[in-house]
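**Student:** Questions regarding the structure given below will be posed in turn.
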Amino acid sequence: MSLTMYQASIPVFIRMLGNLSLILDKAAIYAEDKKIDPAILINARLAPDMYPLSRQIQIATDMVKGCAARLAGIEVPSYEDNETTFADLQARITKTVNFLQNVRAEQIDGSEERTITLQLRSKEISFLGQPYLLHFVLPNFYFHITTTYAILRHNGLAIGKMDYIGNY
């Protein structure tokens, strides 16, 4: 049995966003317990030239909502990128998951050969649907979730691999 475009995307996105949400719950509790201003964690970076935690989550959610919409041939939802609290970031994740849950398999399946064109900084790039998902979206999505994890871990949050990949 082969894997469909829907199976390789929407359930994966939803699962990892759920794991990310649980990690953020732990971060909020950690900040409260240690009397750390949550803004310190939300604005933390791994390196001066990297985006802060809040932007990592914004990009991760943008990646998957954009992917789902483009593969389904529907309008990409637009978010303001104005999250400054853990509650704001959780709301963004919830909004993204709700959007993903409303994209049906029949909208995504068969999109392997759909042309996807993106404007990235100063250039336009085009993909076919399957390489777009497998070689662009998934690596970017995992990168930004992993970076969020690493920022929090670096700042003392006691999380491990099972928090990242989730329980089975």
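The values are calculated or read from the model by the stated rules, or taken from the named source; none is laboratory data. It should be emphasised that the depicted structure is a prediction, and the values quoted were computed from it without experimental measurement. Glycine also receives a Cβ, built like all others from the backbone with ideal geometry; neighbour counts cover every protein chain displayed. For accessibility, only protein heavy atoms count, side chains too; no ligands or nucleic acids. Shrake-Rupley method; radii C 1.70, N 1.55, O 1.52, S 1.80 Å.
**Student:** Going residue by residue through the range 141-158, is there one that turns out to be within 22 Å of THR4 (Cβ to Cβ) and open to solvent by less than 70 Å² (accessible area, probe 1.4 Å)?
**Tutor:** Checked the range 141-158: at least one residue is within 22 Å of THR4 (Cβ to Cβ) and open to solvent by less than 70 Å² (accessible area, probe 1.4 Å).
**Student:** I would also like to ask the following. Taking LEU22 and the conditions (1) in a helix (DSSP H, G or I); (2) free of Cβ contacts under 8 Å to residues at least 24 places away in the same chain; (3) open to solvent by 90 Å² or more (accessible area, probe 1.4 Å); (4) not aromatic (Phe, Trp, Tyr), which numbered condition does it fall short on, given that it satisfies the others?
**Tutor:** Going through (1) in a helix (DSSP H, G or I); (2) free of Cβ contacts under 8 Å to residues at least 24 places away in the same chain; (3) open to solvent by 90 Å² or more (accessible area, probe 1.4 Å); (4) not aromatic (Phe, Trp, Tyr) one by one, LEU22 breaks only (2).
**Student:** Separate question: Considering only residues of the range 106-131 that are open to solvent by 30 Å² or more (accessible area, probe 1.4 Å) and in a helix (DSSP H, G or I), which is farthest from ILE42 (Cα to Cα)?
**Tutor:** GLU106
**Student:** Among the listed residues ILE93, ILE40, identify the single one that is over 24 Å from ALA8 (Cβ atoms), modelled with pLDDT of 95 or more and in a helix (DSSP H, G or I).
**Tutor:** Just a single option satisfies the conditions, and that option is ILE40.
**Student:** Taking the options THR61, THR84, name whichever one is surrounded by 14 or more Cβ atoms within 10 Å (Cβ to Cβ), closer than 22 Å to THR148 by Cβ and either among the hydroxyl-bearing types (Ser, Thr, Tyr) or modelled with pLDDT of 95 or more (or both).
**Tutor:** Of THR61, THR84, the one residue that is surrounded by 14 or more Cβ atoms within 10 Å (Cβ to Cβ), closer than 22 Å to THR148 by Cβ and either among the hydroxyl-bearing types (Ser, Thr, Tyr) or modelled with pLDDT of 95 or more (or both) is THR61.
**Student:** Can you confirm whether TYR6 is open to solvent by 20 Å² or more (accessible area, probe 1.4 Å) and within 21 Å of the chain's Cα centre (by Cα)?
**Tutor:** In short, yes.
**Student:** In the range 9-19, how many are open to solvent by less than 10 Å² (accessible area, probe 1.4 Å) and either part of a helix (DSSP H, G or I) or more than 17 Å from HIS144 (Cα to Cα) (or both)?
**Tutor:** 3
**Student:** Pairs please, first residue from the range 122-146 and closer than 20 Å to GLY18 by Cα, second anywhere and part of a helix (DSSP H, G or I) and open to solvent by 30 Å² or more (accessible area, probe 1.4 Å), Cβ atoms under 8 Å, 6+ apart in sequence or on different chains.
**Tutor:** Partner pairs satisfying both residue conditions: VAL137/MET63; LEU138/VAL12; ASN140/MET63; PHE141/MET63; HIS144/MET63; ILE145/TYR164; THR146/TYR164.
**Student:** Something else now. Hey, ARG55 hits all of (1) part of a helix (DSSP H, G or I); (2) surrounded by fewer than 14 Cβ atoms within 10 Å (Cβ to Cβ) but one; which does it fall short on?
**Tutor:** With respect to (1) part of a helix (DSSP H, G or I); (2) surrounded by fewer than 14 Cβ atoms within 10 Å (Cβ to Cβ), ARG55 is out only on (2).
**Student:** So in the range 89-104, with the set limited to residues that are of a type outside the set (Val, Ile, Thr) and loosely packed, with under 15 Cβ neighbours inside 10 Å, which one is farthest from ALA28 (Cα to Cα)?
**Tutor:** ARG104
**Student:** Separate question: Give the residue, chosen from ALA31, ALA68, that is closer than 15 Å to LEU89 by Cβ, open to solvent by less than 10 Å² (accessible area, probe 1.4 Å), free of Cβ contacts under 8 Å to residues at least 60 places away in the same chain and assigned to a helix (DSSP H, G or I).
**Tutor:** Only one candidate passes the filter, namely ALA31.
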